[in-house]
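Novice: Just dropping this structure here.
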Amino acid sequence: MNSDAISAMKNWVSSVIVKYNFCPFARKEVENNTIHYELSDALTIEDAVLAMIESCIALDSHPERETTLLIFNNGFHDFDAFLDLVDLANALLAAQGYEGKYQIANFHPDYVFADSDENDPANYTNRAPYPTLHLIREDSMAQALATYDDPEQIPENNIRLARRKGEAFWQQLLSSCKSH
């Protein structure tokens, strides 16, 4: 397996997500080493959603893992195709009885929020070195949110920071995650 992709994603989590506090709950998981990084060489949506369900089963079997980043290091470079994967993954999560147990966040190198300009720096809050499905334990997220003052402000704070730093800053930072 390509450990470069895992290194890039670990680098991204620490130098973007934790350093700029895009997710105020990530630092604890990095420090506790409870983030599982899983590579998938899936090229089709069918194979990718099967990998996602396998990752859910693995989370069931490994309670010491708080979360999993399922990284598609060879496929889903096209953002629209990736969004099709995200839709099917969410539907399958529900169909397999995992709705309410796990939720999916998603990241992509070309992420663009709906109704947003592709050059808006705010998109970098969801841009990562590789297309990734982030499987999150809902119970843990609920506990974390319950102890956080004003969690509704997290996305707005991230957007303000991203826009203040500017697109060139985030492009360089994202690029450097893959080169270290």
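Novice: Just to be sure I understand: with springs between alpha-carbon atoms less than 10 Å apart, which residue in A94, A162, A48 has the highest mean-square fluctuation in the Gaussian network model of the chain?
Specialist: A94
Novice: Further question on the same structure: Let me check against my output: what whole-number percent is the relative contact order of the range 13-118, with C-alpha pairs under 8 Å and at least 6 apart?
Specialist: Details: 89 pairs, mean separation 25.7, N = 106.
Relative CO of the range 13-118 lands at 24 percent.
Novice: Let me know the shape class of the range 36-88, please: from the alpha-carbon gyration tensor, a ≥ b ≥ c as square roots of the eigenvalues, rounded when a/c is under 1.5, otherwise prolate if a/b is greater than b/c, or oblate.
Specialist: Values: a/c = 2.32, a/b = 2.01, b/c = 1.15.
Prolate, since a/c reaches 1.5 and a/b exceeds b/c.
Novice: Let me have the relative contact order for the chain, percent, based on Cα pairs under 8 Å that are six or more residues apart. Walk me through the numbers on the way to the answer.
Specialist: Numbers: 246 pairs, mean separation 49.2, N = 180.
Reported relative contact order: 27 percent.
Novice: With an 8 Å Cα cut-off and a minimum separation of 6 or more residues, compute the relative contact order for the range 83-158 in percent.
Specialist: Working: 63 pairs, mean separation 24.0, N = 76.
Reported as a whole number, the value is 32 percent.
Novice: Sticking with this structure for a sec: Can you compute 3J(HN,Hα) from phi for each residue in the range 44-55, using the Karplus curve 6.51 cos²θ - 1.76 cosθ + 1.60 with θ = phi - 60°, rounded to whole Hz and x for Gly and Pro?
Specialist: Going residue by residue, I get 10, 4, 4, 5, 5, 6, 5, 4, 5, 5, 4, 5 Hz, with x marking Gly and Pro.
Novice: Is there a quick way to get the dipole size of the chain? I mean about its Cα centre, with the Cβ of Lys and Arg at +1 and of Asp and Glu at -1; what is the value in debye to the nearest 20?
Specialist: Working: 13 positive and 28 negative charges, 173 e Å.
So the magnitude is around 840 debye.
Novice: Which whole-number value in Å² is the accessible area per residue of the chain, probe 1.4 Å?
Specialist: Working: 9440 Å² over 180 residues.
On a per-residue basis, 52 Å².
Novice: Which order, highest average first, do 23-36, 125-138, 163-176 follow once you tally other Cβ atoms within 10 Å for each residue and take the mean per peptide?
Specialist: Values: 23-36: 15.2, 125-138: 21.6, 163-176: 13.6.
Per-residue Cβ counts within 10 Å, averaged per peptide and sorted highest first, yield 125-138, 23-36, 163-176.
Novice: Check cross-link reach from K101 to the aspartates and glutamates: straight Cα distance under 20 Å, and skip same-chain residues fewer than eight apart.
Specialist: Partners within reach: E29, E38, E54, D60, E64, E66, D87, E138, D139.
Novice: Oh, and also: Once the dipole of the chain is set up with Lys and Arg at +1 and Asp and Glu at -1 on Cβ about the Cα centre, which of V49, L85, F113 lies farthest towards its positive end?
Specialist: The Cα lying farthest towards the positive end belongs to F113.
Novice: Let me know the shape class of the range 1-57, please: from the alpha-carbon gyration tensor, a ≥ b ≥ c as square roots of the eigenvalues, rounded when a/c is under 1.5, otherwise prolate if a/b is greater than b/c, or oblate.
Specialist: Working: a/c = 2.36, a/b = 1.84, b/c = 1.28.
Verdict is prolate for the range 1-57.
Novice: Continuing with the same structure: Percent antiparallel among DSSP beta bridges with both residues in the chain, to the nearest 5?
Specialist: On the way: 11 of 18 bridges.
Of those bridges, close to 60 percent are antiparallel.
Novice: When the accessible area of the range 75-130 is computed with all protein chains present and a 1.4 Å probe, what percentage of it is carbon and sulfur?
Specialist: On the way: 1180 of 2660 Å².
Carbon plus sulfur share of accessible area: 44 percent.
The values are calculated or read from the model by the stated rules, or taken from the named source; none is laboratory data. Values in this document were obtained by computation on a predicted structure and should not be read as measured data. Here Cβ is always computed from backbone atoms with ideal geometry, including for glycine, and neighbour counts include all displayed protein chains. SASA here: full protein model, heavy atoms, side chains in, ligands and nucleic acids out. Shrake-Rupley method; radii C 1.70, N 1.55, O 1.52, S 1.80 Å.
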